[in-house]
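The values are calculated or read from the model by the stated rules, or taken from the named source; none is laboratory data. All of these numbers come straight from a predicted model, not from anything done at the bench. Quick reminder, even Gly has a Cβ in these numbers, built from the backbone with ideal geometry, and neighbours come from all protein chains shown.
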Amino acid sequence: MAPESVHAACGRVQRNFDTIEQMPEPFDSTTDLPTRPRRLRLQPQLREMLQRVHVRKSDLVLPLFVREGAGVKIEVPSMPGVYQMSVDVAAGRLAELASMGLKAFIVFGVIDRAKKDDVGSAALDPDNVVCQLLRRVRDQKLPLAAVTDLCLCEYTSHGHCGALTADQSTVDNDPTLNLLAQQAIHHARAGADVIAPSGMMDGAVRAIRRALDHAQFTNTAILSYAVKYASGFYGPFRDAADSAPAFGDRHSYQMDPARGVEEAILETRLDIEQGADMVMVKPAMPYLDVLAAVRKSVDVPVAAYQVSGEYAMLEAAIGNGWLDRERVVMESLQAIKRAGADLILTYYADRFLKVI
């Protein structure tokens with residue numbers, strides 16, 4: 001049978017209705033659409049009452065970059081609004097932020113290149129800038145949890161995260177553990193509440209836990225960078241910390257972004273078995289699926305790091321007038337929280353204390 005023409009079909013449909021009264025009844029929402037999600041979106045009061053994801057001041061951890069000198073405050077070119085600060089300036093800033101509700105910070109040391117060597121000896125100096133800041137915060141009795149990044153990349157002349165193998169092809173894992181254990185003890189003695197190893201060395205958590213316990217720092221917690229990817233989103237951080245590798249890359253010890261979540265869960269469980277009290281996923285936004293999977297697989301608190309590249313991208317768009325800062329930053333923090341983060345390390349922590 002030949003297909004019916006459009007003209008014929010329209011005529012046939014029209015002949016089915018002799019009068020307008022025979023047309024179908026108007027849309028009746030009571031019978032045809034009993035569920036309307038928009039009912040709960042119309043009033044701002046209802047929208048606020050029904051929110052399930054709440055970003056609190058106590059969720060945020062502020063990264064700080066401290067360097068030698070006095071009265072120093074240098075803006076990081078690739079991270080507008082983020083500064084390298086001397087200990088006195090950083091301590092003053094932390095006192096101000098503590099009064100506004102900040103609960104925790106994580107500190108990274110920035111040292112002169114002349115003091116760097118192939119094993120990061122300056123990291124083991126009990127009077128380096130990180131230890132100075134920790135003592136200042138402790139002496140001022142600031143109500144802040146002091147977290148220290150435990151890694152050697154800021155202190156090595158080659159910018160890698162530990163002592164290198166004989167052929168200098170990668171970091172020599174086990175000798176680096178001994179260096180990290182010594183660094184952890186110095187941080188704990190200076191006043192660190194939480195040690196956060198970030199170098200992705202196998203067995204680092206066990207070595208640090210044993211060292212801390214042996215030195216009578218059994219109450220010093222460990223926040224492991226358990227899931228840290230070899231990411232392109234770290235570029236601005238390496239400007240801030242002066243920690244870019246002088247050669248090669250970190251793919252032999254940081255995780256491959258193309259691997260599945262199974263590796264992330266393995267790394268997380270290994271660190272918890274070795275004594276990690278909390279674990280971290282880094283970066284945050286590009287790995288929300290990994291963050292959610294880790295959250296479901298463990299019972300300890302989970303942190304996520306909104307890294308420098310995420311911050312720089314947002315600030316570039318904000319600076320060009322393409323995005324509204326308060327709206328998109330809050331949305332990004334809510335996404336990280338919704339995916340399962342208990343704590344969020346973010347360069348926006350200081351500026352968003354007034355917003356939350």
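Quick notes
- For Gly321: the one exception among (1) of a type in the set (Gly, Ala, Ser); (2) closer than 18 Å to Phe233 by Cβ; (3) outside any helix (DSSP H, G or I): (2)
- Here Leu353 meets the list (1) in contact with a Leu (Cβ under 7 Å, 6 or more places away or on another chain); (2) modelled with pLDDT of 95 or more almost entirely, failing just condition (2).
- Of the helices (runs of 4 or more DSSP H) that lie entirely inside the stretch 125-214, those containing 3 or more residues that are under 17 Å from Ala276 (Cα atoms) span 173-190, 204-214.
- Here is the figure for the stretch 76-107: residues that are over 20 Å from the mean Cα position of the chain (by Cα), hydroxyl-bearing (Ser, Thr, Tyr) and within 14 Å of Asp350 (Cα to Cα) total 1.
One line per residue, one yes/no per condition, for (1) touching a Pro at 6+ places or on another chain (Cβ under 7 Å); (2) touching a residue at least 60 places away in the same chain (Cβ under 8 Å); (3) among the polar types (S, T, N, Q):
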| site | (1), (2), (3) |
| --- | --- |
| His160 | yes, yes, no |
| Ala166 | no, no, no |
| Asp172 | no, no, no |
| Pro175 | no, no, no |
| Asn178 | no, no, yes |
| Ala181 | no, no, no |
| His186 | yes, yes, no |
| Ala192 | no, no, no |
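- Residues of the stretch 339-356 that are assigned to a loop (DSSP other than H, G, I, E, B) and within 13 Å of the chain's Cα centre (by Cα): Gly340, Ala341, Asp342, Tyr347, Tyr348, Ala349.
- Single condition Glu263 does not satisfy, out of (1) modelled with pLDDT of 95 or more; (2) assigned to a loop (DSSP other than H, G, I, E, B): (2)
- Being farther than 24 Å from Cys161 by Cα, at pLDDT 95 or above and not polar (S, T, N, Q) is a property that Val307 lacks.
- Qualifying residue in the stretch 326-336 (condition: modelled with pLDDT of 95 or more, buried (at least 24 other Cβ atoms within 10 Å of the Cβ), within 27 Å of Thr165 (Cα to Cα) and within 16 Å of the chain's Cα centre (by Cα)): no
- Single residue of the stretch 274-289 satisfying the filter (in a helix (DSSP H, G or I) and farther than 11 Å from Ala226 by Cβ) that is farthest from the chain's Cα centre (by Cα): Asp289
- Selected residue (only one of Asp149, Asp139, Asp125 is of a type outside the set (S, T, N, Q), out of contact with any Pro (no Cβ under 6 Å at 6 or more places or on another chain) and free of Cβ contacts under 8 Å to residues at least 40 places away in the same chain): Asp139
- Residue within the stretch 306-321 that is within 27 Å of Ala184 (Cβ to Cβ), among the aliphatic types (A, V, I, L, M) and in contact with a Phe, Trp or Tyr (Cβ under 8 Å, 6 or more places away or on another chain) present: yes
- Filtered residues of the stretch 306-325 (kept if farther than 16 Å from Ser78 by Cβ and either among the hydrophobic types (A, V, I, L, M, F, W, C) or crowded, with 21+ Cβ neighbours inside 10 Å (or both)): Trp322, Leu323
- Pick from the stretch 227-284, criterion of a type in the set (D, E, K, R) and within 29 Å of Arg113 (Cβ to Cβ), ranking: surrounded by the fewest Cβ atoms within 10 Å (Cβ to Cβ): Asp249
- Against the criterion of being over 13 Å from Leu133 (Cβ atoms), at pLDDT 95 or above and over 23 Å from the mean Cα position of the chain (by Cα), Lys73 qualifies.
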